[in-house]
Each structure stands twice: as structure tokens, then as C-alpha cells.
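Written below as C-alpha cells is the structure these notes are about.
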Amino acid sequence: MHEETGKEHQWLQGLVGNWSFEGECIMGPDQPPSRMSGAETVRALGDRWVICESTTPMPEMGTATNLLSLGFDPAKGKFVGTFMSSAMNALWVYEGTLDAGGTVLTLDTEGPSMTGEGRARYQDIIELKPSGERGFSSRIEMPDGQWVTFMTSTYVKKA
């Protein structure tokens, strides 16, 4: 079976490389933002998929290793993927879309609520910037339908 690749697959190839990142995460409503940093290697799996592996020190938990897979499913007309972390038990399954400008990928997923009760909807957002940097943010949908960003990072490609 021969399947064509498209502009969405090409977009994913823009993630390939070695990156460093810095950002912050809000761990709770009464806590100040925590700073984080780490490294990520993104490699192509053929010309259809990318595999992103990152490491980041976690306070009092050692180093977390994270694995993100991303591809594009033409039959669904959506980006698809998964995320897993050595710091979590959940497997996150993504479906997402690229904005009209072709720079921002919004990945929708569902996972354990931050309160520990039930499930919640999340979005992870990846932006390829003209500067060559990459932005990343995570947000959660609150019970009132409002989206609240709890994590932001900036990725810089290493030479």
C-alpha cells in the first residue's frame, strides 16, 4: 500500500533536531510558578512521523523522561499522537489541527483531572516561530468551559 504524504507531514519535519527548553508550570492555584528546563531530541520515523524524547529535572522526583509521538492521519484529517512520561501513569492520546497560518498545532486530549477526581479535557499547543524557536503550552478546560494555561515553554534548536 502506497500512501502519499502532505504538507502536514512536512510540517512535522520542522520539529526534527536537538532542542533545549525553559519554561514554567503552575502546580496549583495557591502555588507560585515552578521553573523548568531540559533537553529534547526529535527524530523522524520515515517521512510521516516524529518521535520526541525529552528529559527534565523534577523537584524531589529526579529526572522525568517524556516520549511524544506525532503524525498526520489523512483519513481523519487530523494530527494524531501519544504522550507518556516516566512521572505519570496516564497515556495521553492526541488528535489535533494546524491553524490557518500553518504555525500552531493544537492537540486535544483527555486525562486525569488535576484535582485527582475524574477526567478533564486538555490542549497541548506547539508553535513553530519564524525565529526558529518553538513555543509549547498546556491548558486545561475548567468546569465553566474556560481554558486556563498552566504550562509554557520556549524551545531553542541547538547548533
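Bear in mind that the values in this text are calculations on the coordinates, not laboratory data. Everything numeric here is computed off the predicted structure, so don't read it as measured data. In this analysis, Cβ positions are derived from the backbone assuming ideal geometry, glycine residues included, and neighbour counts consider all displayed protein chains.
What to note about this one:
- Two-site FRET efficiency, MET58 against LYS7, from Cβ-Cβ distance with R₀ of 35 Å, rounded to 0.05: 0.45
- Per-residue Cβ neighbour counts within 10 Å put ASP47, ASP144 in the sequence ASP144, ASP47, beginning with the fewest.
- With 21 Å as the limit on Cα-Cα distance, the pairs of LYS7/LYS158; LYS78/LYS157; LYS7/LYS129; LYS78/LYS158; LYS7/LYS76 that go past it are LYS7/LYS158; LYS78/LYS157; LYS78/LYS158.
- Cα centre as origin, Lys/Arg/Asp/Glu Cβ charges: the chain dipole, Debye: 360 debye
- The ranking of ASP108, ASP99, ASP30 by Cβ neighbour count inside 10 Å, starting from the fewest, reads ASP30, ASP99, ASP108.
- Annotation: the stretch 1-48 has a Kirkwood hydrodynamic radius of 13.7 angstrom, from the mean reciprocal C-alpha pair distance.
- The calculated P(r) of the chain, using every Cα pair and 10 Å bins from 0, goes 10, 39, 37, 13, 1, 0 in percent.
- Distance between the pseudo-spin-label points of VAL148 and GLU110 (7 Å out from Cα toward the beta carbon): 2.1 nm.
- Neighbour-limited loop hits for GluC sites (Glu not before Pro), the stretch 10-88 (at most 15 other Cβ within 10 Å; DSSP other than H, G, I, E, B): GLU60
- Neighbour counts of other Cβ atoms within 10 Å put MET142, MET114 in the fewest-to-most order MET142, MET114.
- Net charge in the neighbourhood of VAL16 (other residues with Cβ under 13 Å of its Cβ; Lys, Arg +1, Asp, Glu -1) is +2.
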